[in-house]
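No value in this document is a laboratory result; all are computed from the given coordinates. These numbers were taken from a predicted model, which means no experiment stands behind them. Using ideal geometry, Cβ is built from the backbone for each residue, glycine included, and neighbour counts are taken over all protein chains shown.
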Amino acid sequence: MVPPPAGTAAVNRAYSAAQIVAGVQAFYNSTTSFRANFRQFNTAAVSNTTTESAGVVTFMRPGKMRWEYSNPSGNVVISNGSTIWTYQASANQVFQANLQQSQLPTAFSFLMGSGSLARDFDARLRTTNAAGYQNYYMLELTPTTPNPNFARLVLFVEPQRFQAVEAAVIDQQNNRNRFQFLPVGIQLNVNWLQPDGAPAPSRGDAGAGVSLNPRGPRFFDFTVPPRATVIRP
């Protein structure tokens with residue numbers, strides 16, 4: 001298992017799961033948007049095979065997100081707060097669904113400003129002996145109301161700001177969708193996600209490895225490409 005980059009702050013073992021949950025929620029409640037490079041590891045339980053992906057993700061409160069993949073190139077996952085689109089570039093195929101029908105928005109609702117960790121999950125503080133993970137809090141979160149999209153969410157939280165550096169979404173068949181949010185290029189309260197018609201920002205406003213796209217709210221809209229197949233549930 002590839003760990004996230006090592007943190008420098010010490011873990012306070014006296015903290016309870018509830019205190020860490022409150023710290024994580026307070027951190028993300030203090031932001032309007034979050035943008036980071038990510039690595040994704042999708043593991044199928046039956047075959048024990050893992051597919052790796054990478055790209056840039058942007059969350060904007062309330063309820064918006066955009067995953068732009070550099071590997072595989074051209075793939076995107078976009079939510080405008082009510083609809084989610086998953087585009088596979090190699091097949092020119094779009095999966096369109098209601099936001100509540102998808103795994104990622106429901107699991108990451110605390111990042112999107114549409115959920116509450118304390119209200120929506122039962123939290124347990126776990127420990128792990130995996131190399132590279134000892135400097136993080138490990139939270140296992142089980143939905144208080146059974147969710148058909150996933151069984152539990154595991155967060156690795158850095159102890160200085162209570163920011164989640166890794167999240168694993170695990171379904172009822174024990175398939176794992178694991179995301180690492182890399183520290184290089186992280187942006188909070190992204191100043192170029194501004195209303196349409198506002199002046200475009202300078203390139204110096206972007207973090208390392210993060211591309212600018214000054215389209216304001218339209219950044220979270222999706223236009224179906226020509227001749228693409230659209231699949232709806």
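Can you run phi through the Karplus equation (6.51, -1.76, 1.60; θ = phi - 60°) for segment 139-146 and list ³J(HN,Hα) in whole Hz, with x for Gly and Pro?
The phi angles translate into 9, 9, 10, 10, x, 5, 10, x Hz.
Starting from the Cα coordinates of segment 43-111, work out the convex hull volume and express it per residue in Å³.
About 104 Å³ per residue, rounded to a whole number.
Looking at segment 17-231, I'd like the Rg to Rh ratio, where Rg is from alpha-carbon atoms and Rh is Kirkwood's inverse mean 1/r.
Here Rg/Rh amounts to 0.95.
Which three extents, in whole angstrom, do the alpha-carbon atoms of segment 111-151 cover along their principal axes, largest first?
So the extents along the principal axes, rounded to whole Å, are 32, 21, 16.
Once you list every other residue whose beta carbon is under 13 Å from the beta carbon of Val56, what net charge do they have if Lys and Arg are +1 and Asp and Glu are -1?
After counting each charged neighbour, the total is +2.
Between the DSSP loop rule and a limit of at most 10 other Cβ atoms within 10 Å, which trypsin sites (Lys or Arg not before Pro) in segment 13-98 are left?
Those satisfying the criteria are Arg13.
Taking the Cα centre of segment 17-231 as the origin, how large is its charge dipole in debye, to the nearest 20, when only Lys and Arg (+1) and Asp and Glu (-1) carry charge on their Cβ atoms?
Computed about the Cα centre, the dipole is about 120 debye.
For Thr51, Thr86, what ranking results if the residue with the fewest other Cβ atoms within 10 Å of its Cβ goes first?
Values: Thr51 11, Thr86 19.
Lowest to highest Cβ neighbour count: Thr51, Thr86.
Over segment 30-150, what number does the Rg to Rh ratio reach, with both radii from the alpha-carbon atoms and Rh per Kirkwood? Mind showing how you got there, number by number?
Numbers: Rg = 15.7 Å, Rh = 16.1 Å.
With Rg and the Kirkwood Rh in hand, the quotient comes to 0.97.
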